[in-house]
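Let me begin by presenting the structure, written as C-alpha cells, before commenting on it.
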Amino acid sequence: SAELLGVTEPNPAFMNNHCGLVLATGVRPKGRQDLDPNEVIDVVTYPLSEVPALVAKGAITHTLVITAFYLLEHHQVQP
C-alpha cells in the first residue's frame, strides 16, 4: 500500500514545483536492475533506527530525503 506523508516545496524561492513524499509498505525488491549504460545505483539498506545517526554524521545529506524521514517519524507518532 502507499500513503502520502506530505508534500513539500523543494525551492519556493524561485521554483513552483512540489514533491510528494510517499510511504510504501509491503514491498520487496524484485528482479534485477535495468540501468542505462552510464548509470550506477547501489541499493543499500539500514535499519530505520540508524537513520538519525546517518543524518548526523553526514551520510544522508539530501534535503528531501531528510524531510521524508522527518515526516515518517511524525507519522508514526500520531495515533
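The values are calculated or read from the model by the stated rules, or taken from the named source; none is laboratory data. Here the structure is a predicted model, which is why all the values come from computation and not from measurement. We place every Cβ from the backbone using ideal geometry, glycine too, and count neighbours over all the protein chains shown. SASA here: full protein model, heavy atoms, side chains in, ligands and nucleic acids out. Shrake-Rupley method; radii C 1.70, N 1.55, O 1.52, S 1.80 Å.
Using a probe radius of 1.4 angstrom, the carbon and sulfur fraction of the accessible surface of the chain is 56%.
Applying the Karplus relation 6.51 cos²θ - 1.76 cosθ + 1.60 with θ = phi - 60° to the stretch 45-54 yields 3J(HN,Hα) values of 10, 9, x, 4, 5, 8, 4, x, 5, 5 Hz, where x marks Gly and Pro. The distance between label points at Leu23 and Leu35 comes to 3.0 nm (points 7 Å beyond Cα on the Cα→Cβ vector). Give me the accessible area of His75, 1.4 Å probe, in Å² rounded to the nearest 10. My reading of the accessible area for His75 is about 60 Å².
Here the chain is described by how far its Cα atoms reach on the three principal axes: 36, 35, 31 Å, from widest to narrowest.
Note on the chain: GNM, Cα springs under 10 Å; of Val22, Val43, Val55, the largest mean-square fluctuation is that of Val43.
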